[in-house]
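Heads up, the thing below is written out as structure tokens.
Only the coordinates and a few stated rules stand behind these numbers; no lab work does. Please read all numbers here as calculations on a predicted model, not as lab measurements. FYI the Cβ positions are ideal-geometry reconstructions off the backbone, even for glycines, and counts take in every protein chain you see.
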There are 2 protein chains.
Amino acid sequence: MSLIVQKYGGTSVGSAERIRAVAEHVAQTRRDGHEVVVVVSAMGKTTDDLILLAEQISPNNPAREMDMLLTAGERISMALVSMALSAVGVESASFTGSQAGIITDTTHRRAKILEMRPDRIREALDDGLVPVVAGFQGVSIERDVTTLGRGGTDVTAVALAAALKADVCEIFTDVTGVFSADPRVVPKARQLDTVSFDEMLEIAATGGRVLMLRSVEFARRHNVPLHVRSSFTWEPGTWIVEEDPTMEEAIVSAITDDTSEAKITVSGVPDRPGVAATLFRELANNGINVDMIVQNTSLNNVTDISFTVAKTDLEAAMTACQKVQKDIGAAAVTSDDHIGRVTIVGAGMKSSPGVTALMFETLSDNGINIEMISTSSIRISCVLHADRVGDAVRHLHRAFGLDAE
Amino acid sequence: MSLIVQKYGGTSVGSAERIRAVAEHVAQTRRDGHEVVVVVSAMGKTTDDLILLAEQISPNNPAREMDMLLTAGERISMALVSMALSAVGVESASFTGSQAGIITDTTHRRAKILEMRPDRIREALDDGLVPVVAGFQGVSIERDVTTLGRGGTDVTAVALAAALKADVCEIFTDVTGVFSADPRVVPKARQLDTVSFDEMLEIAATGGRVLMLRSVEFARRHNVPLHVRSSFTWEPGTWIVEEDPTMEEAIVSAITDDTSEAKITVSGVPDRPGVAATLFRELANNGINVDMIVQNTSLNNVTDISFTVAKTDLEAAMTACQKVQKDIGAAAVTSDDHIGRVTIVGAGMKSSPGVTALMFETLSDNGINIEMISTSSIRISCVLHADRVGDAVRHLHRAFGLDAE
């Protein structure tokens, strides 16, 4: 008998019919002899609808009240899922984030979990019930309702799985698993049976849309095996587990792409200490997240610094750069919002020389120019012209032997 | 400076525009120098929509989960009202029933308040905030979310007003106050400035639709002055207060009507102890609420017992009567679902002989037959043929001098 935490996202509980299907699957999991804890998101577009309502009241609303408002969505779906379980003969009880003992800090809209006290969930399991827990929400140390930010329901599920020492946290979603590339870009993309936490972190960080970085980090830290699978097919999906040193690893597991960023280049910068610090402190002070940063080797004590930011932050970032341009003695600040990033990820890369060369050759052979390069031990990212991103992903997917037969 | 609890019903917060109007009125009340606690219902049809959703899952759902589901409605409206207050510069914070310290028993769907611990509401007031509290909901001694049943938001408002020792509990609704009769039945009905708790109890019990019996009882027990008024006109409405012995009282304050009941007559019943007990115990065991009961003086040790029940309970009540018919030795059980009740209510009735006579004469003069009569010290009810109810109310309204000029 295993203890399984099952997380169902918004599309998985998007209608009464879908909710009944979820209940049937939970019932089957119980008949197979397992204990189950269910974690749910709000139904379909509920959260968006609530945000629209709030915007009709005022464009700027207190974060505490936004949290109070948005958590109504999970409250609705968890009660309905619990009802559906009851209708198929599975005894259950729903619990809010607060009732489930998810204690957070006081940062409304993107609270961090400080402590898990899932006593009532344990009691419910001991009583033979299936606890149904509201995702995305907790209660702060000030006893106010908080939400965990984007991907928060996955975080709830992983945190509960860790606290309850569950055998697996199943993330049910509307795709069948993690793929070797985005199937909309690469028709020959293959579903992966297993990826390591490290690989999944890089995939999530560089454009993989299945899981948010934060929940993968949480799962890795607490070593909670994740199983990403579809609530439409109910077939096994992709396992995300700790790296097994005895296994031969794929050199490259996945190719990701991301066209949500823009590039800024600060050129003609004097190569002296403190310049980068001044620049990136100013960006940080304006709440701008910087992703890739590349600084060229200096020529004549003058260098260029390029970095990427979310396109939505481009204007604010340009303003910040222009503000410090004179202080740091830069010649010019330019930007390009027509770029994309292509990344290859693979744990086997560490011990396989030649991966970088093959990546660059593949791009070069296809006439694709590389504008920026950034690497980690299991990842290589290249910034390209946005128009060539699809081609690049497809060529690399074939070159690294990932194409499905 | 007064402390005012303001309750806003579903139509009062039925849209973003309505919510902004509520916020503006709260802001004005604050500018007038008062402390305000706001209690809100769910927006418009939200609760009905949630019930529909639940019915799509299953026709019979666990009461605990229904409560969890339905309380989402107030959570949404209270957050939006708090946002609207913030937008007009009034600092506020919303609180669930649980956060407001509304402790109930464990009877889901119609929980009773056991204790009020509004510490956080007091703290919020002391901090200069306007607390916005979810109506209709509490938390049970088992730490589960409960709802207080029909009219529950009024109960929340009155209970909070009592616990906080508020100067008045204002019930904002979609009518302008309590009327001398239903204006749809009597075009010349007048709005009442003041009614006593006792009168309001009788009005609520006999067909007045403005306030539920339960919240009036609660207000009377804790001596919380109520002020029923409109959130569309914002004009003063009707005050419901403790009877003032120094005041001259209207002999008749209001005429109410109710056509939601049916009449059952158990005839030819031996007039011996235990017969009525057997009959009404059987009805009670089937969860049937009996309203008026009339037993005729016996003739030859045989009597008739007539009583009224909600039309929706008629079939079950007939079954229950037929079950005990033989045991109690009754000759027949008959029913009539085409009846209506007309009631005159007035605290001055106690000291005014002739009221009963005038009522019966008025009905008789207009050819209206009385089928049943029931009285209390400040009320006389007559059961009539349903078709004559409107006429009866209009004639009585004129006869007792209530018609507006």
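Numbers for the structure displayed
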| read-out | value |
| --- | --- |
| Shielding score for A:81-92, defined as the mean number of other chain Cβ atoms within 10 Å | 4 |
| Rounded to 5, the percent of DSSP beta bridges in region B:3-174 classed as antiparallel | 25 percent |
| Convex hull (Cα only) mean projected area of chain A, reported in nm² to one decimal | 22.4 nm² |
| Beta carbon of chain B nearest to the axis of the rotation taking B to A, residue and angstrom distance | B:Ala72, 2 |
| Exam field: A:Lys165 pseudo-label spacings to other copies (7 Å along Cα-Cβ), nanometres | 5.3 |
| Within the protein assembly as shown, percent of DSSP bridges classed antiparallel, to nearest 5 | 60 percent |
| Footprinting exposure proxy for B:Glu199, B:Glu361 (fewest neighbouring C-beta atoms within 10 Å first) | B:Glu361, B:Glu199 |
| Lysines with Cα under 30 Å of A:Lys165, excluding same-chain neighbours fewer than 8 positions away | A:Lys7, A:Lys112 |
| Amide H within-cut-off set for A:Lys7, under 5 Å, with H built and near neighbours excluded | A:Val39, A:Glu170, A:Ile171, A:Phe172 |
| Lysines whose Cα lies under 29 Å from that of B:Lys263, excluding same-chain neighbours fewer than 8 positions away | B:Lys311, B:Lys323, B:Lys326, B:Lys350 |
| Positive minus negative residues near B:Ile4 (Lys, Arg vs Asp, Glu; Cβ under 9 Å) | -3 |
| Per-residue HN-Hα couplings for region A:143-154 [Karplus 6.51, -1.76, 1.60; θ = phi - 60°; Hz; x = Gly/Pro] | 6, 9, 6, 10, 10, 9, x, 4, x, x, 5, 4 |
| Residue exposure sequence - A:Glu243, A:Glu405, A:Glu261 - by fewest surrounding Cβ within 10 Å | A:Glu405, A:Glu243, A:Glu261 |
| For q = 0.11, 0.16 Å⁻¹, Debye-computed log10 I/I(0) when each Cα of region B:261-396 counts as one equal scatterer | -0.45, -0.87 |
| Per-residue ³J(HN,Hα) for region B:64-72, Karplus 6.51 cos²θ - 1.76 cosθ + 1.60, θ = phi - 60°, Hz, x for Gly and Pro | 4, 6, 4, 4, 4, 5, 5, 5, 4 |
| Label spacing, shortest first and in nm, from B:Asp244 to its equivalents in the remaining copies (7 angstrom along Cα→Cβ) | 8.5 |
| Karplus-derived 3J(HN,Hα), 6.51/-1.76/1.60, for each residue of region B:174-183, Hz, glycine and proline x | 9, 10, 8, x, 9, 10, 5, 6, 5, x |
| Inter-copy separations for B:Thr319, label at 7 Å along Cα-Cβ, nm, ascending | 7.1 |
| Other-chain or far-sequence residues with amide H under 5 Å of B:Val178's (modelled H) | B:Leu192, B:Thr238 |
| Positive-pole candidate from A:Leu50, A:Ala21, A:Ile121, dipole of region A:3-174, charges at beta carbon | A:Leu50 |
| Charge context of A:Pro270, other residues only, Cβ under 15 angstrom, K/R +1, D/E -1 | -1 |
| Residue-averaged beta-carbon neighbours from other chains (10 angstrom radius) around A:45-51 | 1 |
| DSSP bridge pairs, chain B: antiparallel proportion in percent, nearest 5 | 60 percent |
| Amide proton proximity set for A:Leu114, modelled H, under 5 Å, gap of 5+ | A:Ile103, A:Thr104, A:Asp105 |
| Under 13 Å, Cβ to Cβ, from A:Thr308 - net charge with Lys/Arg +1 and Asp/Glu -1 | -4 |
| Partner chain coverage, peptide B:94-101 - average Cβ within 10 angstrom | 3 |
